[in-house]
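Structure first, then comments.
The values are calculated or read from the model by the stated rules, or taken from the named source; none is laboratory data. Remember, predicted model here, so these are calculated numbers, not experimental data. When we count neighbours, we look across all protein chains shown, and the Cβ atoms used for this are built from the backbone with ideal geometry, even at glycine. Please note that ligands, DNA and RNA were not included when accessible areas were found on the heavy atoms of the full protein model with its side chains. Shrake-Rupley method; radii C 1.70, N 1.55, O 1.52, S 1.80 Å.
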Amino acid sequence: MSSSRRQYPFHLIEPKWQKTWDEQQAFRAFNPGEEVPASHPFGVRHGLSGKVAATQLPPKYYILDMFPYPSGAGLHVGHPEGYTATDILARYRRTCGFNVLHPMGWDSFGLPAEQYAVKTGQHPRVTTEANIANFTRQIKSLGFSYDWSRELATTDVEYFKWTQWIFLKLYNSYFDPEWKKAAPIEFLQDALSDNPNLKNMWESNSYLVNTNKLWNEAKPEVRDEFRSIVIERARLAYVSEAPVNWCPELGTVLANEEVIDGKSEVGGFPVIRKPMRQWMLRITAYAEKLLADLDTIDWSDSLKEMQRNWIGRSEGAEVDFKVADSNEMIRVFTTRPDTLFGATYMVLAPEHRLVDEIVTEEQSIAVENYREHTARKSDIERTELAKEKSGVFTGAYAINPVNGEQIPIWIADYVLASYGTGAIMAVPAHDTRDFEFAQKFNLPVIQVVQPSEAKAEWQGFTDDGTAVNSGFLNGLPTTESKCKITAWLEEKGLGKKTINYKLRDWLFSRQRYWGEPFPIVWKKGPSGQPPYHEALPESSLPLLPPTLEDYKPTAGGEPPLARAKDWMNEIPGATRETNTMPQWAGSCWYYLRYTDVKNAQSFVGKDADNYWMASNGKAAGVDLYVGGTEHAVLHLLYARFWHKVLFDLGYVATPEPFYKLVNQGLILGEDGQKMSKSRGNVVNPDDVLVDYGADAFRLYEMFMGPLQDTKPWNTKGVEGVYRFLGRTWRLFVDEKSETAFEQAEALATEAQSHRELLDLILLDGGITDIAATLAQLKALHACIKKVTEDLDGMRFNTAISAMMVFINEAMTWQNKPVTVMKPFLQLLAPFAPHIAEELWARLHGTFGQATTSLAYAPWPKFDAALLVESEIEIPVQVNGKFRDVIKVAVEADNATIEAAAKAAEKAQPFLVGKTIKKVIIVPKKMVNLIAG
RNA sequence: GCGCGCGUGGUGGAAUGGCAGACACGCCAGACUUAGGAUCUGGUUCCGCAAGGAUUGGAGGUUCAAGUCCUCUCGCGCGCACCA
């Protein structure tokens, strides 16, 4: 392809306009309080110059891409899909008069750069900077209208300083159960002190008042311990010793969300459970809000569903079972308290703390073996063996509180320690898992629910029905019997209604070098006491990672930061935390920083936040966020969580960060397979750009199909839109001058400027300022209407098709009125901005008007009156089948239409010998003659 | 297994319940041409010379009218997966 003649000189046009935009800072977005230069096209459009207040600025539109991890491999064609869509909309909104914020940056902490450092010793920062430079070059070559003055990288010191600052806010906050929001930990500390001095702030809060009461009642010698336990259990960032997902291959722990089928999401390496001291974030405190607020935002149903599933709310009851011949109680969680009469045994998770207490002498060896066996099993093995149930009897019995019957207590790994209470009552008749287990171990099965269809099998019936064999519940439908039994349990003090979530707290520390260090130190406790952690003051930020020679974990399995002894022990009497934050930390709030990227006093200024993020009509936060589905539960849940904490603490103005979110679909290789290096089907944008240019590339990415769909790449398809741009070009320029240009270019010296060469190309003589014909105006206005509506609905493919229709028609015109051709360029501009700017400049050059900036020229409006036809075609059906088309005046009444339809030539053969019984007329749409 | 989404020409895809297949790729024919892998013109769902008939994964249903709405079914994709 590169050997054949170019359709038009995109290789000169594209760099020319990219340079012009850069020099003009054409896409600078202005914050309230900023100076707008009088010459800036945004200022010209809105009549603004000098320092502008928020009230003077036009309405904002914040349109955001998920920022990329700058990998060594560079951009692939999947990245620019979303970026092109957002760029088109950003450019469109600018012409509509919005103050558009459209930024780009880098999610630049991350494992690959660190792994490269381990191998080569090159500092990750060096690798990262080189990759960013390459990504920047590639992205800029596509002509996106980003405001590069707001570029940020999560690895910038000035950025991660504030990531660390937000961590301190999390550390120094707790979730107040009464206020139902995060609050400064000072309130809790105050309530846990002898002389509270913030009491007026919390005396109406029953949780804090109660905490204070407990403090006053506690014996003085236990007060210190009491205080630290209460506070550590409340902080939003806390330390846990629980078993974690340890990935030996990656040398780090992973969050639950990063583990898929027992393997690491990155690399697919085995993950094992291992108890370790880790930092956690209390995202579970926000489970309810994260769930409820999904209803307030405009995301796809499937994405919301994924978040709902991940949060996994389930309503049920906790029930206490007394252990026979013991004072112990076992608490279970069940969503089906109505089946309590059918509980024939009980199962504890192998890790349950009561196992040791209740196990009998005879069973102790079997139980111990089983526990060891499960502990050794990796998560993969646990999943793979899921089909076959296993377990061991403890020898102990529990008493069913409703009927006093003794039921055996088992342990089995199908009960998870980390969900609910880590114990269940087993109702094999109406739970698939319990049923399998009961079959295998010959445990009794008692029916307590009758399916509504009499013939249905009750064994293994898990739906709602009617209670049977259930004493005072008999005859009640499931919903009612749930209520009745729950009330009964509450009355007797044996249980209560409970809501459980699958969502677990977020494991927030990693044993890595290339991440944000925690602003935390550890201090020795008083003799005999364990070490305790302490936050560094905000004034100590940023906390930089130390310089290392070797980036591997230590031989003793300590994180790489532990190699820097001086750094670790820099503060007298304290040791630094050597874990770092996960990559998700930086991406949790970058969208906020974009709004005020240079602010040195605050992570984001109030004015900037109020202007860019505050509600704009219904919309709150980012107006449009586009990115891949791979972030459906990780980034998007974490970012919502941080945002809500910052909102609760009063640092941001909105409760949700992203009002509207769209997932772009995957682009597959030409073979219809997922693009991958190993398949050799990866398409590199650089190559496409050399052959067809950025405008064709952008156009093709959008023309392939709906943005949200998965679709295969097809280079032939690029040629199609490329030809369309060629036709557009030829419609505007003089052919002879183009030939002259080509000859001159072939002989051109290096010194000859591209601009000079391009100036050889002249505007086509057919473009004149004569009045447009009605047909020409119709073609234009139909195109304006379609493109405008499709842009509003993000239907880029059909918008492009409408422009193709226009060009195909315009090619038949002898005279091309400038009043028609100019607005067309405005429609084309968001999609193919370089060629549109070039032709726009030529039009203005020839017709002697001052060149206004295309990027800010007001979007053309369509005139509906022009689209009204005086005569319309109406399809005629006979008995529902299409037979002919009639032409009638648009204002024709039904009688006229009916007469014309009955006379329609091609309908006659189907009407012969029949009487017309009924005529259905849908005005302006169709006629249906019912004959028989 | 559960949840969500999708099935339309050789291909990517268009169609507020109202002429299925816009637009583009590919293919076929023609024009210009020393040449065409440039450009332009015409054709292109299938069967049929035609009139006409069939046709939106399959089977039913609602409706004057169904790709579109409902039920069942098959196939594909995505997500979750022992969460009690």
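Which residues in segment A:538-580 place their backbone N less than 20 Å from a point set 7 Å from the Cα of A:LYS524 along the Cα-to-Cβ direction? From segment A:538-580, the list is A:565-578.
Overall, the accessible surface of chain A at a probe of 1.4 angstrom is composed of carbon and sulfur to the extent of 52 percent.
Listed by chain and number, the lysines whose alpha-carbon sits under 17 Å from that of A:LYS497, ignoring those within fewer than 8 places in the same chain, are A:LYS482, A:LYS484. Taking amide hydrogens as placed 1.01 Å from N in the peptide plane, the amide H of A:VAL885 sits under 5 Å from those of A:VAL876, each at least 5 positions away in sequence or on another chain. Once the Cα-Cα distance is subtracted from the 0.36 nm per residue extended length, the A:ALA292 to A:ASN195 segment shows a gain of 31.1 nm.
Normalised by the number of residues in chain A, the average gap of Cα pairs under 8 Å and 6 or more apart makes the relative contact order 13 percent. Annotation for segment A:207-227 versus segment A:761-794: alpha-carbon center distance of 76 Å. Think of a 1.4 Å ball rolled over the protein heavy atoms: chain A then has 44 Å² of accessible area per residue. Along the axis of the charge dipole computed for chain A (Cβ charges of +1 for Lys and Arg, -1 for Asp and Glu, origin at the Cα centre), the listed residues A:THR155, A:VAL347, A:ASN928 are led at the positive end by A:ASN928. Since only A:SER264, A:ALA218, A:LEU236 are under comparison, the one whose Cα sits farthest along the positive direction of the charge dipole of segment A:208-278, derived from C-beta charges on Lys, Arg, Asp and Glu, is A:ALA218. Calculated over chain A, the projected area of the Cα convex hull averaged across directions stands at 53.1 nm². Once both labels are positioned 7 Å from their Cα atoms along Cα-to-Cβ, the gap between A:GLU756 and A:GLU225 label points is 8.8 nm. Shape analysis of segment A:420-497 places it in the oblate category; the axes a ≥ b ≥ c from the Cα gyration tensor give an a/c of at least 1.5, with a/b not above b/c. Annotation: amide H of A:GLU34 within the under-5 Å range of A:VAL52, sequence separation 5 or more or interchain, hydrogens built in the peptide plane. Model label sites at A:ASN684 and A:LYS914, defined 7 Å from Cα along the beta-carbon direction, differ in position by 6.5 nm. Between A:TYR532 and A:ALA456, the FRET efficiency estimated from the beta carbon spacing at R0 = 51 angstrom works out to 0.30. For segment A:869-931, the Kirkwood estimate of the hydrodynamic radius, built from every pair of different alpha carbons, is 11.4 Å. The local environment of A:GLY845, defined by Cβ-Cβ distances under 12 Å, has a net charge of -1 under the rule Lys, Arg +1 and Asp, Glu -1. Here A:LYS440 is the anchor, and the lysines within straight C-alpha reach of less than 19 Å, apart from those fewer than 8 places off in the same chain, are A:LYS387, A:LYS389. For the pair segment A:153-184 / segment A:847-890, the C-alpha centres are spaced 55 Å from each other. Taken one residue at a time, the phi angles of segment A:832-838 give Karplus couplings (6.51, -1.76, 1.60, θ = phi - 60°) of 10, x, 5, 5, 5, 4, 4 Hz. Gly and Pro are set to x. Put A:PHE341, A:PHE862 in order of accessible area, highest first, and with a 1.4 Å probe you get A:PHE862, A:PHE341. The trypsin sites (Lys or Arg not before Pro) of segment A:615-674 that DSSP puts in a loop, and whose beta carbon has at most 16 other beta carbons within 10 Å, are A:LYS618.
Each Lys and Arg contributes +1 and each Asp and Glu -1, all at the Cβ; summed about the Cα centre of chain A, the dipole is approximately 1540 debye. The figure for A:LYS881 is an accessible area of roughly 120 square angstrom, using a 1.4 Å probe on the protein chains alone.
For the Cα trace of segment A:483-545, dividing Rg by the Kirkwood Rh returns an Rg/Rh value of 1.31. Taking 0.36 nm per residue of separation and subtracting the Cα-Cα distance, full extension of the segment from A:LYS119 to A:ILE260 would add 48.1 nm.
Under 5 Å from the amide H of A:ASN99 lie the amide H atoms of A:LYS60, A:TYR61, each residue being 5 or more positions distant or on a separate chain, with H modelled from the backbone and absent for Pro and chain starts.
Overall, the anisotropy analysis places segment A:710-865 in the oblate class: the square-rooted eigenvalues a ≥ b ≥ c of its C-alpha gyration tensor yield a/c not less than 1.5, with a/b not exceeding b/c.
Label positions at A:THR819 and A:ILE571, each projected 7 Å from the Cα along the C-beta direction, are separated by 7.3 nm. Relative contact order, whole percent, for segment A:382-442 stands at 25, derived from Cα pairs under 8 Å and 6 or more residues apart. Here the peptides A:260-272, A:830-842, A:145-157 are ranked by packing, the mean other Cβ count within 10 Å, and the order with the highest first is A:830-842, A:145-157, A:260-272. In percent, rounded to a whole number, the relative contact order of segment A:227-340 is 19, using alpha-carbon pairs under 8 Å and six or more apart.
Here the Karplus relation 6.51 cos²θ - 1.76 cosθ + 1.60, evaluated at θ = phi - 60°, turns the backbone of segment A:325-333 into coupling constants of 6, 7, 8, 6, 10, 10, 9, 10, 10 Hz, with x for every Gly and Pro. Of the GluC sites (Glu not before Pro) in segment A:525-620, the ones in a loop by DSSP (not H, G, I, E or B) with at most 15 other beta carbons within 10 Å are A:GLU549, A:GLU570. Projecting the Cα atoms of A:VAL445, A:PRO477, A:GLY404 onto the charge dipole of segment A:313-501, computed from C-beta unit charges around the Cα centre, puts A:PRO477 farthest toward the positive end.
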